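Accompanying notes for the structure given below.
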Amino acid sequence: MRLASSTDFGMRVLMRLAGTPDRPISTGQIAEEFLISQHHLAKVVQDLGRGGFVHSQRGRSGGLVLARPAETITLGEVVRHLEQGFALVECFRADGGMCVLQPQCRLRSKFAAAREAFLSELDRTTVAECAWPGDASGGLMMAF
């Protein structure tokens, strides 16, 4: 299963915020640390905000913070939110796709079960367990 790059970036944002929960961090700083386009990251942060995962604090010492404790945010919840339009296979699309195997296809149920197992596994892990405090040396960290 391959997640969208925006989901990967969203996870990085949450991990970074969880690593320093008492300190707001700017989108620019996160983009620099993870070598991500700030423009693209801003869109991801907006989506995370709509999902109730982050909010921004204005002012001189403002920046992004988690909207709720990292211990209460599961990876599965985040993936479900950020991957809403994702269709694992053609027949999973909202419009049903153009699958020529329907209605006799026996593969769809197997893919559905695999997707649910994947998300169920992610539901067992919280953002707090994946917290990333940043690069203590002050240099740029490499993207993973």
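I'd like the full set of residues that are small (Gly, Ala, Ser) and more than 10 Å from the chain's Cα centre (by Cα), limited to region 9-51. Once the filter is applied, which keeps residues that are small (Gly, Ala, Ser) and more than 10 Å from the chain's Cα centre (by Cα), region 9-51 yields ALA18, GLY19, SER26, GLY28, ALA31, SER37, ALA42, GLY49, GLY51. Mind listing whichever residues of region 40-69 are crowded, with 19+ Cβ neighbours inside 10 Å and more than 17 Å from PHE9 (Cβ to Cβ)? The answer is none; no residue qualifies. In region 38-60, is there at least one residue being touching a residue at least 60 places away in the same chain (Cβ under 8 Å) and in contact with a helix residue (DSSP H, G or I) (Cβ under 8 Å, 6 or more places away or on another chain)? No, every residue in region 38-60 fails to be touching a residue at least 60 places away in the same chain (Cβ under 8 Å) and in contact with a helix residue (DSSP H, G or I) (Cβ under 8 Å, 6 or more places away or on another chain). Taking region 4-35 as the range and being assigned to a helix (DSSP H, G or I), free of Cβ contacts under 8 Å to residues at least 60 places away in the same chain and of a type in the set (Gly, Ala, Ser) as the test, the residues that pass are SER5, GLY28, ALA31. Of all residues in region 99-119, none that is over 29 Å from GLU77 (Cβ atoms) has its Cβ atom under 7 Å from the Cβ atom of a residue that is exposed (fewer than 14 other Cβ atoms within 10 Å of the Cβ) and at pLDDT 75 or above, 6 or more apart or on another chain.
The values are calculated or read from the model by the stated rules, or taken from the named source; none is laboratory data. Bear in mind that the values here come from a model prediction, so they are computed numbers and not experimental data. Virtual Cβ from ideal backbone geometry, glycine too; neighbours counted across all protein chains shown.
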